[in-house]
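Below: the structure, in structure tokens.
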Amino acid sequence: MTFAEKLLTVPPPLTVGGRRIKRYHVTADPAGIEPEVEAAAYRFLPGLLSTLPAADGTPPGGFVVLHRGGDDGAYLNVYSWVWDNALHFAGAAAGQPVLGCPDRDPTHFVRLDGSLIGCVWELPPIAHERDAWVRHMLDHPGAPDLEAYLADSLPDRTTTEVR
């Protein structure tokens with residue numbers, strides 16, 4: 001298999017269960033992620049957010065990476081900031097039997113219980129998000145700016161261009 005970078009798009013943030021969530025989509029398809037796959041992933045998102053530790057005073061921010069694989073797979077990675085400076089992870093997959101999915105339907109998401117946190121195409125936003133959290137939330141003790149953090153996303157590009 002020859003490695004090829006994928007397209008990274010950045011839809012607007014959303015609010016789910018009181019948490020402000022930035023969004024990144026990864027796919028090789030220039031048309032983007034199919035609307036039915038996107039809708040299924042975001043219907044599944046509240047359940048993943050319910051696995052977060054109890055509120056601890058950290059502003060309720062985070063980000064998701066929704067990745068449409070080159071086969072039947074779709075992956076939803078949810079990263080939420082907790083304890084001021086730690087990243088909590090929860091993940092789901094659809095259409096990937098090797099990860100415990102019951103079928104090849106890319107809209108049938110199931111929660112992942114393993115320790116995977118992302119593949120090579122899903123990881124680039126993590127570096128940016130770490131820096132954005134520090135820039136807007138930790139470098140301003142007493143005055144963190146969640147709105148500035150939410151506005152600080154990668155632009156649409158390929159996954160290689162985020163380096």
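Net charge within 15 Å of residue 78 by Cβ-Cβ distance, Lys/Arg positive one each and Asp/Glu negative one each, not counting residue 78 itself?
It works out to a net charge of +2.
Residue 131 to residue 9: FRET efficiency via 1/(1 + (r/R0)^6), r the Cβ-Cβ distance, R0 22 Å, to the nearest 0.05?
Efficiency, rounded to the nearest 0.05: 0.65.
If you count only protein heavy atoms and use a 1.4 Å probe, how large is the accessible surface of residue 75, to the nearest 10 Å²?
40
For the chain, what is the percent of antiparallel DSSP beta bridges, rounded to the nearest 5?
Roughly 80 percent of the DSSP beta bridges within the chain come out antiparallel.
Need the full-extension length gain, residue 117 to residue 104, defined as separation in residues times 0.36 nm minus the C-alpha distance. One decimal, nm.
2.6 nm
Over all directions, how big on average is the projection of the convex hull of the alpha-carbon atoms in segment 36-163, in square nanometres?
Approximately 8.2 nm², given one-decimal rounding.
Per residue, what accessible area does the chain have, given a 1.4 Å probe and all protein chains present, in Å²?
49
The values are calculated or read from the model by the stated rules, or taken from the named source; none is laboratory data. Given the structure is predicted, the values throughout are model-derived calculations rather than measurements. Note that each Cβ is placed from the backbone with ideal geometry, even for glycine, and that neighbours are counted across all protein chains shown. For the accessible areas, the whole protein counts, side chains as well, though only heavy atoms, and no ligand, DNA or RNA atoms are used. Shrake-Rupley method; radii C 1.70, N 1.55, O 1.52, S 1.80 Å.
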